[in-house]
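Quick notes on the structure that follows.
Taken together, the values in this text are just the output of simple stated rules run on the coordinates, not laboratory data. Since this is a predicted model, take the numbers as computed values, not measurements. Counting neighbours? That spans all protein chains shown, and the Cβs are built from the backbone with ideal geometry, glycine included.
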Amino acid sequence: MLRRFLPILVLYAFGAQLAAQEPYHEPSPAIARVLDAAPTPLVVVSPDGSKLLLVERQGLPPIAEVAAPELRLAGDRVNPRTNTLSRAQTFTALIVQPIGRGETRRLQIPWHARVGNVMWSPDGRQVGFTLVEETGMSLWVGDPLTGEVRLLAGPVLNGAFGNPCQWLPSGSGFVCSKIPPGRAAAPAVPQVPVGPVIQESDARSAPNATYEDLLQNPVDEALFEHYFTSQLALIPLSGPEKMIGTPGIHSDVSVSPDGRYLLVETVHRPYSYLVPYQRFPLRAEVWDLSGAVLKQVSDRGLQENLPRSTDAVSPGPRGIRWRGDTPATLVWVEAQDGGNPATAATIRDRVVMLDAPFTGAPTTLADLEFRSRGVFWSRADQAIVNEGWTRTRKSRSWVVDPSHPGSPRKLWEYSSEDRYADPGRFLTRPDGRGALVTTKDGRFAFLAGAGASPEGDRPFLDRLDLSTGKSIRLLRSEAPFYEEPVGLLDPEDGKVLTRRESVNEPPNYFIRDLRKSGAAQLVQLTRFTDPAPEFAGVTKQLLTYSRPDGIQLSATLYLPARYDKNKGPLPFFIWAYPQEFRSSQAASQVIGSPYRFTRPSGASHLFLLLQGYGVLDGPTMPIVGEGDKEPNDTYVEQLVASATAAVNKIVAMGVADPKRIGVGGHSYGAFMTANLLAHSSLFRAGIARSGAYNRTLTPFGFQNEDRSYWEAEEMYNRMSPFNYADKIKEPLLLIHGMADDNSGTFPIQSERMYAALKGNGAKVRLVLLPAEAHGYRARESVGHTLYEMVTWLDRYVKASGAVMTP
């Protein structure tokens, strides 16, 4: 079961064909310096709004860490030594900074471990965190005032499903998932096969996506049960632990707001070799803190036969949660159309509630024409119910009275793809239960949003009168800054925590006092510095332009430091990702902001700015299908039209040499890149990373395409650049992680595309990165990827004409 990774494979196609193994290559020193710089800390606000927790991150991990042994089971990846997710981010330090008066404290993290999950206590007086050690995950608690930490549970936590612990609402301790006491050794992988692996269909349709990392045989099933089975435990801040119930594959556990009950979701057999564990049979129960089962809410069967549609859901109770503003009320959704969008129905979803002690019948909170998109809780007589339909992009919100349901009042209705009309997201309390941040009387809630507009994104904060639906704008980002609300420190006093940046100033956190004016409004809390000063001279501009059918497009233009337009146009690189739309109006909206502080990280294409290239970043590539028309039926034509408009814009500005422009993208952007090389002559070369190129290998849909290959054979074939490999004459660099975990982008997609191009005499190069998933993490892999990108473009784009010295 454990995979053994080969050294990096680099396949050449320069003249004679040969294959070779090489060591990792380093990018230029300027790029390497940025890659090795310490990343800016993350910031987490305490629930009481009195402190910031600065979470310091490690830089890019070494390949030895990324390539460590892992088990790929039921759609997940587990480190067998630590029983944790093998690719979860970890942190190096925790620093508590008071928002008002007080001293900054660094929690005394043991040197031998890395921080896994970080959890403020409900009252903000303590910090809980897990540590990933050599042999497992442990639980600790830290005092923000002194910096002292203490161990609550040794390295026996089970992190296979993510964070294994959560605070009790009282702040007196945690409920955690632990490795069952006395667990036997892991099942051995037989060296000799015991027989064939057989699957059989019973003639019922099962149109599933092409998932990665699925169970493959009975040994995988046994390993899944071994590593994912946990024992729940109550771990107090003081006193002995208490075991809760019996071991099981408990995929999700949540404590009721009053701390008296647990909602426990448990995966059970029969398993599947077609779908990940999220679609295995799942039993949802309410337990008390002794582990006694008080109520079985549902026992959902195996979900191999759901319709392949973005609006398809499982029949029976789903989305079971605790109501956020009451002691112990369950809320869930039940499809009234069997979960099948093709079934005619006036009511699609019903949202129901059930109060403790969970012995009565559930009551209906709302009947919805579309699919439920969640509930925000305000008070006993007020909640916000959201619904939407992906196919039409319709989105609605209703004000309902949970104490007397039956007469909802529409709050708003808009298209989910209409960024200009987006009312924003409700600010909620930091416990994750969906309870709104409101004024003390419950009359006003608060909304924060991106503030998309024709001049670019301008984040905002609104105060919404829930009784009338009218809002007042409290804050809107003003040029030359990009300032986004992070949260309200106190809904009554007008103090807002914001994150503020400009083109030349890195993001930092401020308190903005809305009751004051001028400079007195702002108090700076953090003083993060520029992590990549090498980019300080880069210039940035938000562009708008149109394609021939009238759809307006937008992009962000970057030019290298010290570029002088009088010395002639630059070699250029365009990096993009297509998106489907149901209206030309939505497709024409501007995306981005001219006031963001932009610094590259990872294998970013923006590093090319240090090598003398101009970059057009994120030019919109809308694929529009209005009315009964399907967007992808004219995918190629619209894609080429958008790319042509982007090229024409930068050439007309005099900054880009039309004979020296390359194109690239990641994932669906890689698919785009291959299509542009196959169907246009706009570009000198392409770079395609971790893409899929043959849509017949994803026959039950991809991206937002619901139709199967057998329903739209012509479209699948037309959109597959693999079918046009003989038309690709420009050099194409293919890069792919050998451990890709993304649905549909198996490494074989790049391998077969390489073979097709090679067979047709194209200039092509395939680089397979050992141990890397869909995104690349290891320092060696990232550095090598950038080396490959720069080398490729220098050879086939920059070398086509005069070269600007960076």
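Of the GluC sites (Glu not before Pro) found in segment 292-392, the ones in coil according to DSSP and having at most 16 other Cβ atoms within 10 Å of their Cβ are GLU369.
Summing charges over neighbours of SER584, with a neighbour being any other residue whose Cβ is under 9 Å away from its Cβ, gives -2 when K and R count +1 and D and E count -1. Taking a ≥ b ≥ c as the square roots of the eigenvalues of the Cα gyration tensor, segment 484-563 is classed as oblate, since a/c reaches at least 1.5 and a/b does not exceed b/c. Applying a length cut-off of 27 Å (Cα extent along the axis) and a mean Kyte-Doolittle floor of 1.0 to the DSSP H helices of the chain leaves no helix. Applying D = kT/(6 pi eta Rh) to segment 521-574, where Rh is the Kirkwood radius over alpha-carbon pairs, T corresponds to 25 °C and eta to 0.890 mPa s, the Stokes-Einstein value obtained is 165 µm²/s. Relative contact order of segment 602-761: 19 percent, from C-alpha pairs under 8 Å at least 6 residues apart in sequence. Between SER517 and SER453, what FRET efficiency comes out of the Förster formula 1/(1 + (r/R0)^6) with R0 = 25 Å and r the beta carbon distance, rounded to 0.05? So the FRET efficiency works out to roughly 0.55.
Taking only the Cα atoms of segment 410-454, the radius of gyration and Dmax are 12.5, 37 Å. Take every Cα pair under 8 Å whose residues are at least 6 apart in sequence, average their separation, divide by the length of segment 680-806, and the relative contact order is 28 percent. Please label the shape of segment 324-411 as rounded, prolate or oblate, based on the square roots a ≥ b ≥ c of the eigenvalues of the alpha-carbon gyration tensor (a/c under 1.5 means rounded; beyond that, a/b larger than b/c means prolate, else oblate). Verdict is oblate for segment 324-411. Spatial offset of segment 587-612 relative to segment 200-244 amounts to 40 Å, using the alpha carbon center of each. Note that segment 351-361 has calculated 3J(HN,Hα) couplings of 9, 10, 10, 9, 7, 4, x, 6, 9, x, 8 Hz, one per residue in order, obtained from phi through the Karplus relation 6.51 cos²θ - 1.76 cosθ + 1.60 (θ = phi - 60°); glycine and proline are x. Placing pseudo-labels 7 Å out from each Cα toward the beta carbon at GLU711 and SER407 gives an inter-label distance of 4.1 nm. Dividing the mean sequence gap of close Cα pairs (under 8 Å, 6+ apart) by how many residues the chain holds gives a relative contact order of 10 percent. For a straight C-alpha distance cut-off of 26 angstrom, the lysines reachable from LYS410 (same-chain residues fewer than eight places away being disregarded) are LYS394, LYS440, LYS470. Computed over neighbours whose Cβ is under 10 Å from that of ARG660, the net charge equals +2, Lys and Arg +1, Asp and Glu -1. Remark: the Cα gyration tensor places segment 406-518 in the oblate category, a/c being 1.5 or greater and a/b not exceeding b/c. Placing one equal scatterer on every Cα of segment 663-731 and applying the Debye formula, the log10 ratio I(q)/I(0) at q = 0.17 Å⁻¹ is -0.58.
The coefficient of translational diffusion for segment 269-320, derived via Stokes-Einstein from the alpha carbon Kirkwood radius under 10 °C and 1.306 mPa s, stands at 126 µm²/s. Pairs from the table (LYS567/LYS763; LYS729/LYS798; LYS567/LYS798) lying more than 23 angstrom apart at Cα are LYS567/LYS763.
Each pair of Cα atoms in segment 65-152 enters the Kirkwood radius, and Stokes-Einstein at 4 °C and 1.567 mPa s then converts it into a translational diffusion coefficient of 91 µm²/s. With K and R counted +1 and D and E -1, the other residues having a Cβ less than 11 Å from that of PHE358 yield a net charge of -2.
When shorter helices are ignored and each DSSP H run of at least 4 residues is given -39500 (n - 2.57), the per-residue value for the chain at 222 nm works out to -3500 deg cm²/dmol. In whole angstrom, segment 602-647 maps to an equivalent ellipsoid with semi-axes of 30, 11, 7, each derived as √(5λ) from the alpha carbon gyration tensor and ordered largest first. Spin-label model, ASP252 to ILE748: label points 7 Å out along the Cα-to-beta-carbon direction sit 3.2 nm apart.
At what distance in angstrom do the alpha carbon centres of segment 454-491 and segment 274-289 lie from each other? Using only Cα atoms to place each centre, the spacing works out to 39 Å.
State the Cα centre-to-centre distance between segment 707-728 and segment 669-702 in whole Å. The two parts, judged by their Cα centres, are 11 Å apart. Rg/Rh, computed from the Cα trace of segment 158-228 with Rh as the Kirkwood radius, has the value 1.13. Here LYS51 is the anchor, and the lysines within straight C-alpha reach of less than 20 Å, apart from those fewer than 8 places off in the same chain, are LYS495. Between VAL189 and LEU145, the simple spin-label model (points 7 angstrom out along Cα→Cβ) gives 5.2 nm. Bridge orientation summary for the chain: considering DSSP beta bridges with both residues in this region, about 85 percent are antiparallel. Using R0 = 51 Å, the C-beta based FRET efficiency linking LYS729 and THR359 works out to 0.10. By the Kirkwood approach, averaging reciprocal distances over each pair of separate Cα atoms, segment 219-340 gets a hydrodynamic radius of 15.9 Å. The lysines whose alpha-carbon is closer than 16 Å to the alpha-carbon of LYS565, local same-chain residues fewer than 8 away aside, are LYS540, LYS649. Here r is the Cβ-Cβ distance between GLN524 and THR343 and R0 is 51 Å; the resulting FRET efficiency, rounded to 0.05, is 0.35. Loop-resident GluC sites (Glu not before Pro) (DSSP state other than H, G, I, E or B) in segment 421-500 with no more than 15 further Cβ atoms inside 10 Å of their Cβ: GLU455, GLU478, GLU492.
Per the Cα gyration tensor, segment 696-745 maps to an equivalent ellipsoid with semi-axes of 22, 18, 7 Å, ordered largest to smallest.
Among the chymotrypsin sites (Phe, Trp or Tyr not before Pro) within segment 97-187, those in coil by DSSP and having at most 14 neighbouring Cβ atoms inside 10 Å are TRP111.
Using only the C-alpha atoms, the convex hull of the chain corresponds to 176 Å³ per residue. Give me the one-decimal Kirkwood hydrodynamic radius in Å for segment 463-613, with the sum taken over alpha-carbon pairs. Across segment 463-613, the inverse of the average 1/r is 18.7 Å. Across all directions, the average projected area of the convex hull around the alpha carbons of segment 169-276 is 10.2 nm².
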